[in-house]
Amino acid sequence: MSEIKLNLIDAQQILHGTIHGSIGDACVAALSAEPETIAELEASLARYMKCPPNFSLSPTFASNPASPGMLDLQPYDAGVVVIDLAARIVAIESIYSQPAAQGQLYYHNGQHSTDEPILYRLPDDWLFLYSIEEYKALSTSRGRQRASAPPFDARPILYGRPLLEFIAGEYSTMSFAADDDNQLAKQISAIHARWLMTPRDDLRGQSPRDVLLAEQDFLDFDLHTRSLQWSLQHEGPPCLSTNSFAYRFAGFGTHEWVVYYDLVRHLLCSVLNRKPATQKQVEGITETRASDEADESVIAGLEQLKTTWLNQPQEDLSGRIPAIIIDNERRRLPEAMLGHDMVIDDDCPVCRMMADDAELGMEVGFWGLDSAHMDDDFAFSSFRTREEWEADRQKWKEFHEEFDRKWKKRQQSIARGEVPEPDPFFDPPDLDELLRFDERLDPDKLAS
């Protein structure tokens, strides 16, 4: 009881056939690559199984000969599975397995299943049903609902003329009276927050921040699983095609969220900073402007600044090029590190060991971005709601208060000549002691 009847549906066709249940499970996991067509689904299977060149399920699948273009929901052997890409529904009636929206598969190397677990997680809008009858009742309405709200690429708004017009407009009303860098920094932060937080009609009523954070958790998880896969298999994982739906309409992960923050802040600082050396970067900007022609000059200067910054190595990004960081994340390709880049401290034996392993191809390290340098304000956080952000701030406030209390108590105890109780936070183990401990646990030494 290991084969199933598998139905695959996209906006153009319906295919079905009998296939091993493990392939059905791999097809479910491959939905993590957000395929919209059966061809994209077939390409996504390479994440979980070694496929021959030009692999396709089509030779073993067909349209229903009795009713072309219709589903074949007659169970076979272990049962029946429907993957409806158009409606984003998975319907399962099978005794072989019960895959869910998140789980793991063991990679198949083309000959047999390995012991390499590959995690997966589907976007939140996928619906899992364990009843074919329920699928029949919901599929049409779900399909129409998705068709009524086609995907759109927000990047022309977030990176294009709407952003530049916003910055130029803010410059025209900016006050330069006070010679105070701190005040200017506050004004820049407030303008940046206003851009992120203001809903826009061209973003379907969402704010730029809403769009930037909508898929962050999902994309971060997917990029993380690709990193794990790379570590296990010692080769780069399959990437998305730049022609794929998932790439063309990609959401924003943490890498692009941080890069976008840096880009907008760079544009704002370059335009709004009053220092002459900075103002020369934007041709045509003067402190008093009243004409549309001057506005166009500002916008043209911003466009040039943006293009230059995105396509040149940036010191704050470890010499990486922002546009390539964005492109890699959209293709779901982790940022791998060279061996020498993994050495944080030349005197650290663990760092040197990791670097040596990386140079020999035995290990791979990954580089990533976080939001630690962003302004401490809700607008620049990754929390979806202000309530979540405030709760997190309260948690950290309580943590710091507890830390200060323990630290003062410990210092007072030491001042009285007392030996304080051991605390792993204040008394971390010595690195050399940790290494000696690892050596004592070496299997070869234990055996001897």
Problem set entry | Members of segment 181-220 found to be of a type in the set (Lys, Arg) and over 12 Å from SER382 (Cβ atoms), listed by number | LYS186, ARG194, ARG200, ARG204
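Before we move on, is ALA168 surrounded by fewer than 17 Cβ atoms within 10 Å (Cβ to Cβ) and part of a helix (DSSP H, G or I)?
no
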Exercise. If you scan segment 373-432, which residues turn out to be assigned to a loop (DSSP other than H, G, I, E, B), in contact (Cβ under 8 Å) with a residue 40 or more places away in the chain and in contact with a Leu (Cβ under 9 Å, 6 or more places away or on another chain)?
Worked result: SER382, ARG384
For this session: Please give the number of the condition ASP115 fails out of (1) out of contact with any strand residue (DSSP E or B) (no Cβ under 7 Å at 6 or more places or on another chain); (2) more than 24 Å from ASP377 (Cα to Cα).
Result: (1)
Seminar exercise, completed: Exactly one of VAL211, VAL282 is modelled with pLDDT of 85 or more and open to solvent by less than 50 Å² (accessible area, probe 1.4 Å), and that one is VAL211
For this session: Among the residues of segment 383-411, write down those that are open to solvent by less than 100 Å² (accessible area, probe 1.4 Å) and in contact with a helix residue (DSSP H, G or I) (Cβ under 6 Å, 6 or more places away or on another chain).
Result: PHE383, TRP389
Problem set entry | Scan of segment 139-154 for residues that are at pLDDT below 95 and hydrophobic (A, V, I, L, M, F, W, C), ordered by number | ALA147, ALA149, PHE152
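Could you tell me whether segment 111-118 includes any residue that is within 28 Å of SER231 (Cα to Cα), in contact with a helix residue (DSSP H, G or I) (Cβ under 6 Å, 6 or more places away or on another chain) and hydroxyl-bearing (Ser, Thr, Tyr)?
Applying the first criterion (within 28 Å of SER231 (Cα to Cα)) to segment 111-118 yields 111-118.
After this cut, where a residue has to be in contact with a helix residue (DSSP H, G or I) (Cβ under 6 Å, 6 or more places away or on another chain) as well, the list is 116, 118.
Among the residues that remain, those that are also hydroxyl-bearing (Ser, Thr, Tyr) are: none.
Checked against the condition, which is being within 28 Å of SER231 (Cα to Cα), in contact with a helix residue (DSSP H, G or I) (Cβ under 6 Å, 6 or more places away or on another chain) and hydroxyl-bearing (Ser, Thr, Tyr), segment 111-118 yields no hits at all.
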Problem set entry | Residue match in segment 367-376 (condition: farther than 23 Å from ALA190 by Cβ, touching a strand residue (DSSP E or B) at 6+ places or on another chain (Cβ under 8 Å) and modelled with pLDDT under 95) | yes
For this session: Residues that are of a type outside the set (S, T, N, Q) and over 28 Å from GLU116 (Cα atoms): find the helices (runs of 4 or more DSSP H) completely inside segment 185-276 holding 3 or more of those.
Result: 208-213, 254-272
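Tell me yes or no: at least one residue of segment 114-122 is modelled with pLDDT of 90 or more, of a type outside the set (A, V, I, L, M, F, W, C) and either closer than 30 Å to LEU310 by Cβ or in a helix (DSSP H, G or I) (or both).
Within segment 114-122 (the criterion being modelled with pLDDT of 90 or more, of a type outside the set (A, V, I, L, M, F, W, C) and either closer than 30 Å to LEU310 by Cβ or in a helix (DSSP H, G or I) (or both)), the answer is yes, since at least one residue qualifies.
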Exercise. Within segment 98-120, can you find the residues that are open to solvent by 30 Å² or more (accessible area, probe 1.4 Å) and under 23 Å from SER139 (Cβ atoms)?
Worked result: GLN98, ALA100, ALA101, GLN102
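The values are calculated or read from the model by the stated rules, or taken from the named source; none is laboratory data. Not measured: the values here are computed from a predicted model. Because the Cβ atoms are built from the backbone with ideal geometry, glycine has one as well, and the counts that use them run over all protein chains shown. When the accessible area is computed, the model is the full protein with side chains, heavy atoms only, and any ligands, DNA or RNA have been set aside. Shrake-Rupley method; radii C 1.70, N 1.55, O 1.52, S 1.80 Å.
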